[in-house]
Amino acid sequence: MDLIGRALEHQPALYLNGTFSAQLAPVMNPAAHLLPSGLADRFPDLARAAYPLHPVTLLALPALFRRAGQSHRSVFNFLEGQENSALGRFLHEQPFDVADPAFFRLDRLFDYGRDVLLAHYTGPTARPWHEAVEIVEQCVTKNPPLSELAVRVLKCVALLGWLRESRLPASATVLAAALGPDTPEAIAELERRSLIVWSRARGSFRLWEGGDVDVAAELAAARSALTGDVLLSAANDPVLFALPRLVARRHAFRTGTLRPVGVEVLRPEALLKRATERPADLSVLLCLASDDSAEFQAIATAQSLAQPNLLVAVATETEALREAAYDLAAARVVLEHVPALQGDRAARRELALRRHEAEVLFRSEWSLLFGPALGAEGALTAEDSAAMWYTQGQTIALADARSFSRQLSELADATFPHTPVLRNELLNRRQLSSAGAAARGALVKAMLDRGEVERLGFVGFPPEYAMYASVLHAPGLHYEVEPNVWAWRSPADTLTDRANLRPVWKAMERMIFESTRPVSLPDLYAHLRAAPYGVSEGILPVLVALFRRVYAGDTSLYREGNFLADEKEADWELLLRRPDMFALADSRVTGARRAVVERIAQSTGVQPQLVPVVRRLLRMLDGLPEYTKQTRRLPEAALALRDAFLDSKAPEHLLFHAAPVALGLPPLAADAPDDSARLALFFARLNEALQAWSGAYPALRAEARDVLLRACDLPMGAESWLDLHQRLQQLSHPGPALSPLVSRCASDDAEADLDRVLALVANRPLERWRDVDLAALPSYVAPIAAALQSVWGTGTASAAPPPRKVSITPAERKQVKQLLVQFDTIARPESAPPVPTHVLRAAVLQWLDDLEKQSNSVES
């Protein structure tokens, strides 16, 4: 304001004739409270220096530029500018009348903001400003037209309403000070035409955009049509009245598990039924009685409840609460079912205001009834709180929010006394974040693969290590057996149970080891989530992985009803996402069954437990060629045993039921005595079947070889194949029909080349042959045999060329290499020059001739 006065230059002869003092008087009135603090003494001089700005305009001008986000440069643009309604243009066009000096009043400031300063304003308050401008323009064009003063008052109300200056409300006093003593008549005109309305909350007038919807009538009609328990519906409707979200804080700090506490509003007749539902859910039940008799019934029911997870409050509804609920419900009905509201902004605003007043009243009355449940601060006397509180049938006093929070933790402690104490906010929660789920997956993978390594092989301090340190290492579940060797143990084997995991572990042992069927993980999870354990969802898979590591040989894991002999990383990844597909079962054995397990374990070199033994047998079957797994060219017992292994879904059923039945023996019951004769017969037949498995593929290979040899009119047997292999290698021009066959006999390993030849003949690797391939083999080899006969001629023996190589066995080939070393030592001595090649050749041939003569003489 001082800057504006200094910027304006006044002529010394300027005389305001007492008019300025008259305009300044309402502003200087202490009762008006228009002046900023500390400015009362200086303001008359500041206002006089700023003439022709009206004193009220001078007060509003800084607020306008500040709210518009403009600097001092914009103020000077206003002072000297020639735009519409700028002060510079006003000075240029307005003549000075000594008898009636002109003033730049507040309505002109609105025009300047509309046309210049805020014409393209897009700041945070742009929308209400442009709406105010639009309302003013619509009102100005109404018929019959407004008086000039009414239009000016309307502009001032719009400007002051947008400025929201506490010192300059759009009250009758401020408007009169800005526009003169005739302002009340203009205000009355605007009110009669419903263009402005008085706001009690603000203590000022505000623009009123006339609407066509009668909000009061619509609310009355909606209220009369309401049916049912309106108060209960309003209290339970999160849109109308959102109940608070509560947690047992002290319990969470102590155990690391966040326990949400639900809040429900119900009637006395529903209290008993609700109390017996969801025993693991902590709940605050707010029972609203409609009268004294219903309250007596609710109190009797609350005193009979012994559930530790419930906190019950009983109170009688008040008339004010009921009226507020009806107002809230009626406002919602009008908003949803009166289409005319969509195009009537004024009616929507009025409805929103009435709904807000009903919400304030509802919350106020609700706080008087159930203050602690809403987190009310400070102590509540008996007169303030009308509700009576009960837990486990006992009356308790909840004076404030702190005592209420303490009671929630006591509910959690009493409901979940066996909950683990695991302080890891990433893992110990009901729903893991994406980062927490990834870290848990990495932890479970490390538990499976690196259990013998310190820190499970984690380097640094990733989130999965934090989970390991707090859940597995700190409680002593992963410990060092000997230097640099780590192992797993159950909570029952630790020195102390700081994490309170022993009750949960015993519950898992009872549920799994006492069940005769596999226990599905959803059932196990539900049991551990329920009272008195309350294990969070994020911890459960880690406990299952730990249980499997501790009882690796005594438990078995099932996926969709099938036993997992080899648990892979992908299986556990799926388990984390879909636990409903998996189950755990007891695999411990005693008596005769244990004798069977121990004997197989001794012969296979595995732990004497059912799961490792069955896993070894299944791996034995998996290691067999594909042919052996599908051929029917096996003894009946071997076929039945193989089918039993391929169809196995449980290790106990496979080894003690399916396998004996397949071998022609009765099943081995769980309580069967240790009968040595019976076991000897079982193992004799088992060994026969296993030998038949192992001999199936070599028999196939030998038979296929002999079929090939017979087709070529050659003797059967391994030696004959060696001869054929050598003769194929000696074919210099085999032709297109025999080239593929000859190319597969290029190596020195005749046995490996046999597999290649048979794969060529049947167009399938030998290990993947089917019985039909063996049956069709004569037709496969016939063209090849014919091509060989045509190359060799009609007589196979006479057509055979003199051999250049000798067919030898692998052992003999080793002797050949040793002899070559000795020959090299003789032919290339270190102390003499090497022997010429032609001399060596002549010597070797002479030696071979002598050797052959000696051999012939011995035979004769």
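Output the helices (runs of 4 or more DSSP H) that fall wholly within the stretch 448-547 and possess 3 or more residues being in contact (Cβ under 8 Å) with a residue 12 or more places away in the chain and touching a Phe, Trp or Tyr at 6+ places or on another chain (Cβ under 7 Å), or say none.
Numbers: elements: 463-468, 502-513, 521-529.
Result: 502-513.
Mind listing whichever residues of the stretch 107-127 are surrounded by 14 or more Cβ atoms within 10 Å (Cβ to Cβ) and closer than 23 Å to Asp344 by Cα?
Across the stretch 107-127, the qualifying residue is only Thr125.
Would you be able to say whether some residue in the stretch 552-568 is assigned to a helix (DSSP H, G or I) and hydrophobic (A, V, I, L, M, F, W, C)?
Looking through the stretch 552-568, none of the residues is assigned to a helix (DSSP H, G or I) and hydrophobic (A, V, I, L, M, F, W, C).
Take the conditions among the aliphatic types (A, V, I, L, M) and under 21 Å from Ala170 (Cα atoms) and apply them to Ala102. Does it pass?
In short, no.
Pick from Val772, Val757: which is under 24 Å from Pro625 (Cα atoms), among the β-branched types (Val, Ile, Thr) and surrounded by fewer than 17 Cβ atoms within 10 Å (Cβ to Cβ)?
The unique qualifying residue is Val772.
Quick check on Ala799: is it at pLDDT below 85 and in contact with a Phe, Trp or Tyr (Cβ under 9 Å, 6 or more places away or on another chain)?
Against the criterion (at pLDDT below 85 and in contact with a Phe, Trp or Tyr (Cβ under 9 Å, 6 or more places away or on another chain)), Ala799 qualifies.
Within the stretch 84-125, restricting attention to residues that are over 25 Å from Leu16 (Cα atoms) and in contact with a His (Cβ under 9 Å, 6 or more places away or on another chain), which residue is modelled with the highest pLDDT?
Leu118
Only one of (1) of a type in the set (Phe, Trp, Tyr); (2) over 20 Å from Gly393 (Cβ atoms); (3) without any contact (Cβ under 8 Å) to a residue 60 or more places away in the chain fails for Phe241. Which number is that?
In the conditions (1) of a type in the set (Phe, Trp, Tyr); (2) over 20 Å from Gly393 (Cβ atoms); (3) without any contact (Cβ under 8 Å) to a residue 60 or more places away in the chain, Phe241 misses (3) alone.
Kindly check whether there is at least one residue in the stretch 96-106 that is surrounded by 14 or more Cβ atoms within 10 Å (Cβ to Cβ), in contact with a Gly (Cβ under 8 Å, 6 or more places away or on another chain) and not in a loop (DSSP other than H, G, I, E, B).
no
Which of the residues spanning the stretch 79-104 are out of contact with any helix residue (DSSP H, G or I) (no Cβ under 6 Å at 6 or more places or on another chain) and of a type outside the set (Gly, Ala, Ser)?
Arg89, Phe90, Leu91, His92, Glu93, Gln94, Pro95, Phe96, Asp97, Val98, Asp100, Phe103
Report whether or not Ala50 is closer than 24 Å to Val157 by Cα, in contact with a Ser or Thr (Cβ under 8 Å, 6 or more places away or on another chain) and of a type in the set (A, V, I, L, M). Lay out the reasoning, then the answer.
Numbers: closer than 24 Å to Val157 by Cα: yes; in contact with a Ser or Thr (Cβ under 8 Å, 6 or more places away or on another chain): no; of a type in the set (A, V, I, L, M): yes.
Criteria not met by Ala50.
For the stretch 140-163: of the residues being in contact (Cβ under 8 Å) with a residue 60 or more places away in the chain and out of contact with any strand residue (DSSP E or B) (no Cβ under 8 Å at 6 or more places or on another chain), which is surrounded by the most Cβ atoms within 10 Å (Cβ to Cβ)?
Leu159
Give the residues of the stretch 177-200 that are more than 21 Å from Leu59 (Cα to Cα) and not charged (D, E, K, R), sorted by residue number.
Pro184, Ala186, Ile187, Ala188, Leu190, Ser194, Leu195, Ile196, Val197, Trp198, Ser199, listed by residue number.
Tell me which residues, restricted to the stretch 66-91, are within 60 Å of the chain's Cα centre (by Cα) and either not assigned by TED's automatic domain parsing to the domain that holds Ala126 or not aromatic (Phe, Trp, Tyr) (or both).
Matches in the stretch 66-91: Arg66, Arg67, Ala68, Gly69, Gln70, Ser71, His72, Arg73, Ser74, Val75, Asn77.
Can you name the number of the only condition in (1) among the small types (Gly, Ala, Ser); (2) at pLDDT below 85; (3) part of a helix (DSSP H, G or I) that Ala376 fails?
Condition not satisfied by Ala376: (3).
Just checking: which of the helices (runs of 4 or more DSSP H) contained wholly in the stretch 585-676 hold 3 or more residues that are without any contact (Cβ under 8 Å) to a residue 24 or more places away in the chain?
Output list reads 591-604, 636-646.
Filter the stretch 437-454 down to the residues that are surrounded by fewer than 20 Cβ atoms within 10 Å (Cβ to Cβ), more than 17 Å from Tyr479 (Cβ to Cβ) and not hydrophobic (A, V, I, L, M, F, W, C) and list them by number.
Gly441, Lys445, Asp449
Within the set of pairs 6+ apart or on separate chains, which have a first residue in the stretch 19-41 that is closer than 13 Å to Val56 by Cβ, a second that is among the aromatic types (Phe, Trp, Tyr) and surrounded by 12 or more Cβ atoms within 10 Å (Cβ to Cβ), and C-beta atoms under 6 Å apart?
Leu35/Phe43
Is it true that some residue in the stretch 548-560 is at pLDDT below 95, of a type outside the set (Asp, Glu) and surrounded by fewer than 15 Cβ atoms within 10 Å (Cβ to Cβ)?
Among the residues of the stretch 548-560, not one is at pLDDT below 95, of a type outside the set (Asp, Glu) and surrounded by fewer than 15 Cβ atoms within 10 Å (Cβ to Cβ), which makes the answer no.
The values are calculated or read from the model by the stated rules, or taken from the named source; none is laboratory data. Predicted model, so just to flag it, every value in this text is computed and none were measured. Positions of Cβ are generated from backbone atoms using ideal geometry, with glycine treated the same way; all protein chains shown enter the neighbour counts.
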